[in-house]
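Some notes on the structure that comes next.
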Amino acid sequence: MRDFARRFARNVGAVFGLVLLLAVLALALLAPVLFPVDPWQMAGVPFAPPLEDGFLLGTDSLGRDVAAGIAHGAHISLLVGLVSTVAAIAIGVTLGAVAGYAGGRIDDAIMRFTEFFQTIPSFVFAIVLVAIFTPSISSIIAAIAIVSWPPVTRVVRGEFLSLRSREFVQAAIVLGQSTPRIIFGQILPNALSPIIVLGSLMVASAILLESALSFLGLGDPNVMSWGFMIGAGRSVIRLAWWMSVFPGVAIFLTVLALNLVGEGLSDALNPRLARRRG
Amino acid sequence: MEPAALARFVFGRIAKAALVVLAIVVLNFVLIRLAPGDPASVIAGQSGAADPQFMEQLRRQFGLDRPLPEQLWIYVSRIVMLDLGVSHRQQRAVVDLLAERLPATLLLTGAAFVFAISMGILLGTLAARRVGTLADTLITILALACYATPLFWVGLMLVLLFSVLLDWLPAFGMTSVGANLTGFAVIVDIGRHLVLPALTLGLFYLAIYARLTRASMLEVADQDFVKTARAKGVPEGRILRAHVLRNALLPVITFAGIQAGQLIGGSILVETVFAWPGIGRLAFDALLARDYNLLLGVFFCTSVMVVAFNIVTDLLYALIDPRIEVAS
């Protein structure tokens with residue numbers, strides 16, 4: 001574990017990403033303290049430029065504080081990214097483990113199913129899902145999870161295929177351990193590192209997906225989100241550039257941080273690969 | 001490749017694709033049934049407020065009063081006949097709307113794809129040739145930045161820079177309104193409108209292709225046949241072009257073929273930002289109007305396009321690389 005931390009710390013990009021990510025997390029947690037006023041509330045004159053009238057990042061067309069919107073939006077971005085990834089990993093690990101462990105026809109059927117979901121254009125599918133099941137936090141999370149599990153299944157299946165025939169698994173079978181116990185107690189812990197790396201990158205793409213959905217007007221109507229703010233600033237970009245610039249910077253920094261952390265994790269968990277790449 | 005083997009290969013791929021399309025149709029049907037509320041109101045694109053007589057007519061037309069398997073049969077056979085229903089908001093057949101908008105989307109995605117793949121391979125090659133130098137680092141950072149930027153936001157920022165601040169390029173639409181251009185001037189006009197949307201859509205994929213090319217080139221450059229060529233005294237430029245690049249491009253092309261279909265998904269965002277009159281913009285309008293039948297039509301159309309792209313990629317790949325076993 002300490003070895004892992006040292007390898008991670010040697011990667012400058014990864015450490016930078018981690019610091020950035022912690023800052024976004026702190027912003028999300030401190031939003032109610034820093035900006036106690038509801039981000040939907042009118043706080044000042046409309047279209048106040050940044051640094052004027054006491055607004056760090058200006059106000060929007062209805063006089064709402066852009067900085068407050070970004071702080072409160074951090075919460076929803078991280079929440080959606082995290083929960084939808086956990087759900088996608090749960091689906092992906094279950095299907096991938098069964099396919100890789102069982103093999104044969106079951107493997108065939110599951111992989112056909114996975115291929116089908118990879119063929120459908122995922123963004124259009126997510127739009128259709130959210131639109132039909134009416135936009136809300138839970139429908140957005142469900143839609144993102146439904147379009148993002150296939151890569152997890154592929155990775156987990158590959159790991160299970162190669163681990164299944166290893167001696168420690170054979171030993172567990174000979175000892176008479178139950179199949180679920182072998183899958184979750186023996187094989188899965190050995191397949192964790194690629195899942196963790198994939199997971200951190202999936203949180204990043206889930207955040208991008210959420211922002212794209214709310215940009216198109218498919219966000220939860222009760223929650224302030226970064227994508228919604230950019231969408232609202234789109235039509236008045238000639239008048240108030242700050243309305244769309246700053247939320248975009250927030251998305252960029254968060255996603256960048258997650259990608260850097262993901263790459264750092266990947267290098268630290270597979271030191272041999274990292275050295276070869278270097 | 002022998003003609004008979006090729007024909008078998010193509011036929012097999014088309015049969016598989018037909019199954020996938022059928023599955024998409026069934027998925028569409030399931031989505032309509034799962035939607036909260038009356039399926040007739042989903043088809044009508046109205047929630048609750050519709051005329052009861054009209055809804056009754058729709059129910060009869062789609063056989064919604066009959067058992068589920070029969071409903072599915074009616075739905076599938078309609079779509080096989082290319083009847084995607086009517087957009088009741090726009091009072092027109094969904095197929096006509098899609099056909100009208102498709103060329104604009106194909107132009108946009110095609111331009112973005114060509115831009116992304118050519119620049120991606122160029123930058124990736126450059127980075128691989130100078131591993132560890134400033135150029136390599138810059139290209140890697142650029143790729144990382146493209147990965148992390150939301151597509152629609154890049155579009156807006158390009159509009160802000162090139163249209164609002166510099167006033168070089170038009171920000172919206174596909175043609176200048178009321179300009180009454182003819183001949184060559186029309187092409188120039190469309191080209192000028194195309195630059196920003198194609199750039200926006202292409203940037204993300206450019207990053208992917210650049211990274212792929214870089215990794216793939218470094219892997220090939222390590223192999224024995226490259227060392228042999230170098231030992232024989234083949235000039236460095238020729239090694240790069242004829243030995244390394246040629247072999248390194250195969251995985252890039254495969255991946256690009258698979259991704260080409262996903263470009264259409266991204267075009268929804270780009271067309272929304274730039275008011276580009278393609279099927280993506282149509283999808284956005286359908287969203288605003290809660291016109292689900294039209295939205296499902298767009299979904300079906302884009303899925304079929306992805307499937308078609310995949311067949312073409314498989315075929316090209318089998319033709320380019322003789323090592324690929326067509327039979328398998």
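Okay, here's what the table says:
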quantity	calculated
Selection from the range A:76-97 of residues that are farther than 18 Å from A:Leu201 by Cα and surrounded by fewer than 20 Cβ atoms within 10 Å (Cβ to Cβ)	A:Thr94
Selected residue (criterion: nearest to the chain's Cα centre (by Cα)) from residues of the range A:238-265 that are more than 7 Å from chain B (Cβ to nearest Cβ) and assigned to a loop (DSSP other than H, G, I, E, B)	A:Ala240
Residue that is surrounded by the most Cβ atoms within 10 Å (Cβ to Cβ) [pool: residues in the range B:261-303 that are more than 9 Å from chain A (Cβ to nearest Cβ) and of a type in the set (S, T, N, Q)]	B:Ser267
Options A:Gly58, A:Gly81, A:Gly96; residue that is within 15 Å of the chain's Cα centre (by Cα) and in contact (Cβ under 8 Å) with a residue 24 or more places away in the chain	A:Gly81
Members of the range A:1-48 found to be more than 23 Å from A:Asp220 (Cβ to Cβ), modelled with pLDDT of 80 or more and either in contact with a Ser or Thr (Cβ under 9 Å, 6 or more places away or on another chain) or among the hydroxyl-bearing types (Ser, Thr, Tyr) (or both), listed by number	A:Leu20, A:Leu21
Residue among A:Phe160, A:Phe117 that is over 22 Å from B:Leu22 (Cβ atoms), among the aromatic types (Phe, Trp, Tyr) and touching a helix residue (DSSP H, G or I) at 6+ places or on another chain (Cβ under 8 Å)	A:Phe160
The lone exception for A:Val197 - which of (1) within 28 Å of A:Val37 (Cβ to Cβ); (2) of a type in the set (A, V, I, L, M, F, W, C); (3) surrounded by fewer than 24 Cβ atoms within 10 Å (Cβ to Cβ); (4) under 17 Å from the mean Cα position of the chain (by Cα) it fails	(1)
Test for B:Leu249: is it over 16 Å from the mean Cα position of the chain (by Cα) and within 14 Å of chain A (Cβ to nearest Cβ)	no
Residue match in the range A:183-199 (condition: in a helix (DSSP H, G or I), within 11 Å of chain B (Cβ to nearest Cβ) and under 28 Å from A:Phe123 (Cβ atoms))	no
Residue within the range A:225-237 that is at the interface with chain B (Cβ under 10 Å from one of its Cβ atoms), in contact (Cβ under 8 Å) with a residue 24 or more places away in the chain, within 26 Å of B:Asp285 (Cβ to Cβ) and of a type in the set (Phe, Trp, Tyr) present	yes
Test: residue in the range B:173-195 that is within 25 Å of the chain's Cα centre (by Cα), within 13 Å of chain A (Cβ to nearest Cβ) and either of a type in the set (Phe, Trp, Tyr) or not in a loop (DSSP other than H, G, I, E, B) (or both)	no
Test: residue in the range B:185-196 that is within 25 Å of B:Ser303 (Cα to Cα) and surrounded by 14 or more Cβ atoms within 10 Å (Cβ to Cβ)	yes
Filter result (outside any helix (DSSP H, G or I) and touching a helix residue (DSSP H, G or I) at 6+ places or on another chain (Cβ under 9 Å)) within the range B:198-231	B:Gln223
Residue in the range A:173-185 that is in contact (Cβ under 8 Å) with a residue 60 or more places away in the chain and under 25 Å from A:Thr119 (Cβ atoms) present	no
Candidate set from the range B:120-140 (those that are of a type in the set (S, T, N, Q) and touching a residue at least 12 places away in the same chain (Cβ under 8 Å)); member that is surrounded by the fewest Cβ atoms within 10 Å (Cβ to Cβ)	B:Thr140
Condition check for A:Val124: in contact with a Gly (Cβ under 7 Å, 6 or more places away or on another chain) and either crowded, with 19+ Cβ neighbours inside 10 Å or assigned to a helix (DSSP H, G or I) (or both)	yes
Candidate set from the range A:102-121 (those that are of a type in the set (Val, Ile, Thr) and crowded, with 19+ Cβ neighbours inside 10 Å); member that is nearest to B:Phe152 (Cα to Cα)	A:Ile120
Single match in B:Ala210, B:Ala198, B:Ala229 (criterion: closer than 30 Å to B:Leu166 by Cα and more than 14 Å from the chain's Cα centre (by Cα))	B:Ala210
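Residue-by-condition table, conditions (1) away from chain B (no Cβ under 14 Å); (2) among the aliphatic types (A, V, I, L, M); (3) closer than 30 Å to B:Ala17 by Cβ:
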{"site": "A:Phe47", "(1), (2), (3)": "yes, no, no"}
{"site": "A:Ala74", "(1), (2), (3)": "yes, yes, no"}
{"site": "A:Ser77", "(1), (2), (3)": "no, no, no"}
{"site": "A:Gly92", "(1), (2), (3)": "yes, no, yes"}
{"site": "A:Gly96", "(1), (2), (3)": "yes, no, yes"}
{"site": "A:Ser122", "(1), (2), (3)": "no, no, yes"}
{"site": "A:Ala131", "(1), (2), (3)": "no, yes, yes"}
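Quick grid of which residues meet (1) farther than 30 Å from A:Arg238 by Cα; (2) buried (at least 22 other Cβ atoms within 10 Å of the Cβ); (3) within 14 Å of chain A (Cβ to nearest Cβ); (4) in contact (Cβ under 8 Å) with a residue 12 or more places away in the chain:
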{"residue": "B:Gly110", "(1), (2), (3), (4)": "no, no, no, no"}
{"residue": "B:Ser118", "(1), (2), (3), (4)": "yes, no, no, no"}
{"residue": "B:Leu142", "(1), (2), (3), (4)": "no, no, yes, yes"}
{"residue": "B:Leu156", "(1), (2), (3), (4)": "no, yes, yes, yes"}
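The values are calculated or read from the model by the stated rules, or taken from the named source; none is laboratory data. No experiment lies behind these values; they were computed from the predicted model shown. Neighbour counts run over all protein chains shown; Cβ positions are idealised from the backbone, glycine included.
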